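Notes follow once the structure below has been shown.
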Amino acid sequence: MEWPVQLPVIKSLPLLDKAIINCKKCPRLVSWREEVAVVKRKSYIDEKYWGKAVPGFGDEKPQLLIVGLAPGAHGANRTGRIFTGDSSGDWLFGALHKIGIAKIATSTSIDDGQKLKATRIICVVRCVPPDNKPSNDERDMCAPFLQSDFQISLATTRAIVGLGSFAWDAIFKTLTILGHPVKKPKFAHGATFKYSHMGREYLLIASYHPSQQNTFTGKLTRPMLESVLKKGGRFASVVN
Ligand code: SF4
């Protein structure tokens, strides 16, 4: 299925975030996100889960854009902020703090005081999928939100980091729809693609996703993640 192009694309991040939070277009994901929020994990039994779609987080004029897969069941689906409240978030924000982009080294709740320097984090699919596996139809249903996020951010964004092959594919599909002259290299940790469009230089970089599957097994180490993020941050003039 070709990715749908949403017309008109939502033109402001507050409106986009609101549309994402209110979205109920995927019956299976709506049902799953709400079920997880009711059943809960034992360790969070006294907490009120978010249980809705999760918008992006960070600077409204990002020079660096980071794209993940989808919210975590007991992370973002619990806290309401992307990459917040689980191990993947600890890894990502820990690395961003180490290189001078995140204000604090942890990401525990929506009101923890976290702040990102000229950087925004988004996901391809905005609702938690069972087994972290959205269907192609669900990915396509959510694609207009990704297109809107890109269209708004690309006024300032110069580097985009894709966390995992799912995000890597979605970045290239989205940029193609938006008229950027991109050609996807095979996904690998550290793979890059540089191009010019309308007089601006862009850098796309791939990283293994900081999921427990990768971090527990040592496939992704903290220096590996920091290195990719630093490369993107430097290209986008966010860090030195
Ligand atoms: S995955 Fe995206 S399109 Fe589907 S319900 Fe969630 S926000 Fe809406």
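The values are calculated or read from the model by the stated rules, or taken from the named source; none is laboratory data. Keep in mind the model is a prediction, meaning the values are calculated, not measured. In this analysis, Cβ positions are derived from the backbone assuming ideal geometry, glycine residues included, and neighbour counts consider all displayed protein chains.
With respect to being of a type outside the set (A, V, I, L, M, F, W, C), out of contact with any Lys or Arg (no Cβ under 7 Å at 6 or more places or on another chain) and within 16 Å of the ligand (Cβ to nearest atom), residue 35 fits the description. Within the range 81-113, if we keep just the residues that are charged (D, E, K, R) and in a helix (DSSP H, G or I), the residue that is surrounded by the fewest Cβ atoms within 10 Å (Cβ to Cβ) turns out to be 98.
Please find, among 48, 11, 25, 61, the residue that is within 15 Å of the ligand (Cβ to nearest atom) and basic (Lys, Arg). Even if it seems obvious, please write down each step before you answer.
Values: 48 fails: within 15 Å of the ligand (Cβ to nearest atom); 11 fails: within 15 Å of the ligand (Cβ to nearest atom); 61 fails: within 15 Å of the ligand (Cβ to nearest atom).
Of the residues listed, the single one that is within 15 Å of the ligand (Cβ to nearest atom) and basic (Lys, Arg) is 25.
How many residues are free of Cβ contacts under 8 Å to residues at least 60 places away in the same chain, over 17 Å from residue 165 (Cα atoms) and basic (Lys, Arg) if we restrict to the range 97-143? Here the count works out to 2. Of the set (1) touching a strand residue (DSSP E or B) at 6+ places or on another chain (Cβ under 8 Å); (2) surrounded by 20 or more Cβ atoms within 10 Å (Cβ to Cβ); (3) more than 15 Å from residue 236 (Cβ to Cβ), all apply to residue 184 but (2). Could you list all residues from the range 58-79 that are closer than 21 Å to residue 172 by Cα and crowded, with 24+ Cβ neighbours inside 10 Å? Matches in the range 58-79: 62, 64, 65, 66, 67, 68, 70, 71.
Could you identify the single residue in 70, 105 that is within 12 Å of the ligand (Cβ to nearest atom) and of a type outside the set (Phe, Trp, Tyr)?
Working: 105 fails: within 12 Å of the ligand (Cβ to nearest atom).
Checking each option against the conditions leaves just 70.
Taking the options 96, 13, name whichever one is at pLDDT below 95, under 16 Å from the mean Cα position of the chain (by Cα) and not aromatic (Phe, Trp, Tyr). Quick ask: steps written out before the conclusion?
On the way: 96 fails: at pLDDT below 95.
Answer to the check: 13.
Tell me, yes or no, whether the range 49-61 has at least one residue that is over 19 Å from the mean Cα position of the chain (by Cα) and over 30 Å from residue 240 (Cβ atoms). Explain how you work it out, then say what you get.
Keep residues of the range 49-61 that are over 19 Å from the mean Cα position of the chain (by Cα), which gives 49.
From what's left, over 30 Å from residue 240 (Cβ atoms): 49.
Checked against the condition, which is being over 19 Å from the mean Cα position of the chain (by Cα) and over 30 Å from residue 240 (Cβ atoms), the range 49-61 yields at least one hit.
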